[in-house]
Amino acid sequence: MSREKFYITTAIAYPNGSPHIGHAYEVIATDAIARFNRHDGKDVMFLSGTDEHGIKMLQTARKEGISPRELADRNAKLFRDMGHLLNASFDDYIRTTEERHYKSSQAIWQKMADAGDIYKGGYAGWYSVRDEAYYQEEETELRADNVRYGPQGTPVEWLEEESYFFRLSAYQDRLLALYSENPSFIGPDERRNEVVSFVKSGLKDLSISRTTFDWGVPVPGDEKHVMYVWVDALTNYITATGYPDENADLWHYWPADVHIIGKDIIRFHSVYWPAFLWSAGIELPKRVFGHGFVFNRGEKMSKSVGNVIDPTALVEHYGLDQLRYFLLREIPFGQDGNYSHEAIVNRTNADLANDLGNLAQRSLSMIAKNCEAKVPKPGELTEADKAILDQAIAALDTARKAVGVQALHQALAAIFGVVAEANRYFAGQEPWALKKTDPARMETVLYVTAEVIRRVGILCQPFIPGSAEKLLDILAVPAHERNFTDLVESQLVPGGDLPAPQPIFPRYVEADKAE
Ligand code: ME8
């Protein structure tokens with residue numbers, strides 16, 4: 001039987017600078033969802049990449065005195081390297097300057113033109129270079145500094161040019177029908193409401209080509225024009241699955257199961273993108289999810305870390321899985337959140353070092369000492385034993401449902417709820433006291449604890465992959481028994497050899513308190 005496929009994407013970042021914490025956040029969250037689905041037995045494709053055209057790239061390159069291609073080459077590498085540093089399990093990493101992407105963008109353009117949805121006209125309007133978007137006059141405001149700003153708070157300028165247009169207005173009713181018939185198309189709900197009211201307010205046709213510069217994908221048949229960067233940017237998602245070759249090996253991944261993007265670009269993904277796809281006769285993605293923004297509110301951190309918005313520095317300072325765990329557990333996915341030194345340290349020490357790390361360390365050290373470093377042999381299970389073992393199984397269901405709607409924080413809450421309960425269980429059973437009074441029962445308690453840690457370790461893999469792997473290693477769980485089916489179908493084999501327990505989650509110690 002062929003496995004169910006799952007195709008997930010991040011936004012493709014503009015490499016006109018270095019990656020920042022917002023980029024890292026999106027990659028980490030999307031990676032966790034991709035990994036979750038892989039462990040859940042699906043055939044996953046996870047795509048990320050860089051969005052290298054557009055006037056923003058051109059302007060930055062000019063400022064630096066290099067060509068836009070040089071800028072793209074230099075910085076795209078930083079983004080890809082950041083992905084690797086974050087342990088992102090990309091299956092493909094696309095650059096929009098690649099040949100395959102030109103071919104795909106020109107093909108979708110041609111389809112939209114053949115459908116009668118593209119016409120030539122003149123464009124004049126308020127344009128934001130930073131957003132790469134034209135805005136309607138009523139969406140802009142002239143502020144006290146005598147500069148006009150768009151709805152995202154970026155400056156806009158008046159621009160006039162010959163341009164091709166896409167008949168977006170023709171898709172208004174169809175889009176509204178899509179949002180109401182398929183309410184899960186846009187998540188979270190706040191984003192959907194925002195998009196619905198935008199579309200209801202009336203859609204104008206969209207200017208989709210530029211003649212004032214040539215850094216972009218040439219318009220087929222009229223090379224004086226390059227495509228508006230968002231036309232080619234959105235197309236990346238189908239380029240990677242082989243478009244225009246719908247017989248390509250990877251085409252079966254399309255439609256995407258979910259596009260994970262930031263809330264500022266929800267309009268492009270849930271209004272323009274479906275309209276382009278309909279026009280070209282291509283199926284729509286199943287869901288677009290707009291996550292929130294991450295802000296830095298911690299003054300202390302800037303002192304201790306230096307450049308806090310640099311994800312590399314954060315990883316070096318706090319540890320990768322500490323950062324991944326913090327971002328995914330602390331910020332409800334879909335809402336804005338803050339990061340601060342105190343909050344990262346608190347999560348690291350309370351949840352990872354104390355709750356999970358200490359439980360593993362204490363129970364496994366007892367096993368090493370009292371059970372000849374072998375998996376203990378359990379006797380008959382009590383109600384308490386069964387309850388904690390069952391909770392670890394039930395957490396999978398809760399986590400699966402949560403990840404299915406991108407509620408990553410809820411998935412982690414369920415998993416770490418098991419850890420908290422396992423600590424209560426361990427403390428309540430007092431295996432160190434049983435050692436003298438009832439050694440057989442001690443073995444049962446240690447077995448149950450170790451088995452719960454195995455289940456937790458399996459569930460933690462999507463979120464903190466490196467540490468979860470180490471945790472499963474010290475339980476000698478075979479590499480091929482780490483999928484979610486193994487939660488129920490396998491278990492620790494009594495009598496099996498265990499390696500010496502290693503501490504996995506170090507406590508964060510303030511520099512001024514360190515020895
Ligand atoms: O928008 N917190 O690129 P980009 C969380 N090229 N997420 C953030 C963030 C923050 N502080 N800042 C940015 C683009 N992001 C386009 C995308 S997709 C076909 C084209 C998110 O480099 C942002 O919302 O400005 C977006 O999803 C991603 O980072 C890349 O942003």
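Quick look at the numbers
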quantity: Failed criterion for L71 (all others in (1) in contact with a helix residue (DSSP H, G or I) (Cβ under 7 Å, 6 or more places away or on another chain); (2) within 14 Å of the ligand (Cβ to nearest atom); (3) more than 18 Å from V226 (Cβ to Cβ); (4) of a type outside the set (K, R) hold); calculated: (3)
quantity: Looking only at segment 229-267, and only at residues there that are away from the ligand (no atom under 12 Å from the Cβ) and either within 15 Å of D131 (Cα to Cα) or hydroxyl-bearing (S, T, Y) (or both), the one that is surrounded by the fewest Cβ atoms within 10 Å (Cβ to Cβ); calculated: T241
quantity: Residue check, V196 over 19 Å from the mean Cα position of the chain (by Cα) and not charged (D, E, K, R); calculated: yes
quantity: Qualifying positions in segment 17-50 - in contact with a Ser or Thr (Cβ under 7 Å, 6 or more places away or on another chain) and over 24 Å from L323 (Cβ atoms); calculated: G41
quantity: Selection from segment 329-381 of residues that are crowded, with 20+ Cβ neighbours inside 10 Å and among the polar types (S, T, N, Q); calculated: T348, S363
quantity: Failed item, numbered, when H20 is tested on (1) within 16 Å of the ligand (Cβ to nearest atom); (2) at pLDDT 95 or above; (3) not aliphatic (A, V, I, L, M); calculated: (2)
quantity: Q110 vs. criteria assigned to a helix (DSSP H, G or I), in contact (Cβ under 8 Å) with a residue 40 or more places away in the chain and either within 16 Å of the ligand (Cβ to nearest atom) or buried (at least 17 other Cβ atoms within 10 Å of the Cβ) (or both); calculated: no
quantity: Count of residues meeting criterion [of a type in the set (F, W, Y), within 36 Å of the chain's Cα centre (by Cα) and more than 30 Å from K286 (Cβ to Cβ)] in segment 384-441; calculated: 2
quantity: Breaking point among (1) within 16 Å of the ligand (Cβ to nearest atom); (2) within 25 Å of Q461 (Cα to Cα); (3) surrounded by 16 or more Cβ atoms within 10 Å (Cβ to Cβ), for D81; calculated: (3)
quantity: Per-region count, segment 385-437, residues in contact with a Ser or Thr (Cβ under 6 Å, 6 or more places away or on another chain) and either small (G, A, S) or under 20 Å from R38 (Cβ atoms) (or both); calculated: 1
quantity: Near pairs, Cβ below 6 angstrom, 6+ apart or cross-chain, from segment 9-31 (more than 26 Å from E70 (Cβ to Cβ) and in contact (Cβ under 8 Å) with a residue 24 or more places away in the chain) to any residue that is hydroxyl-bearing (S, T, Y) and within 8 Å of the ligand (Cβ to nearest atom); calculated: T9/Y237; T30/T10
quantity: Selected residue (criterion: farthest from the ligand (Cβ to nearest atom)) from residues of segment 187-222 that are part of a strand (DSSP E or B) and at pLDDT below 95; calculated: S207
quantity: The listed residue being in contact (Cβ under 8 Å) with a residue 40 or more places away in the chain and more than 14 Å from the chain's Cα centre (by Cα), out of R62, R100, R80; calculated: R100
quantity: Residue match in segment 97-107 (condition: crowded, with 20+ Cβ neighbours inside 10 Å, hydrophobic (A, V, I, L, M, F, W, C) and part of a helix (DSSP H, G or I)); calculated: no
quantity: Any hit, segment 485-499, residues being under 15 Å from G357 (Cα atoms) and either surrounded by 23 or more Cβ atoms within 10 Å (Cβ to Cβ) or among the hydrophobic types (A, V, I, L, M, F, W, C) (or both); calculated: no
quantity: Single condition E26 does not satisfy, out of (1) within 13 Å of the ligand (Cβ to nearest atom); (2) within 29 Å of V315 (Cβ to Cβ); (3) in contact with a helix residue (DSSP H, G or I) (Cβ under 9 Å, 6 or more places away or on another chain); calculated: (3)
quantity: Single unsatisfied condition, W273 versus (1) more than 15 Å from the ligand (Cβ to nearest atom); (2) within 30 Å of D81 (Cβ to Cβ); (3) modelled with pLDDT of 95 or more; calculated: (1)
quantity: Count of segment 113-140 residues which are among the acidic types (D, E), more than 14 Å from the ligand (Cβ to nearest atom) and not in a helix (DSSP H, G or I); calculated: 1
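The values are calculated or read from the model by the stated rules, or taken from the named source; none is laboratory data. All figures in this text were calculated on a predicted structure; none of them were measured in a lab. Methodologically, a virtual Cβ is constructed for each residue, glycine included, from the backbone with ideal geometry; neighbour enumeration extends over all protein chains shown.
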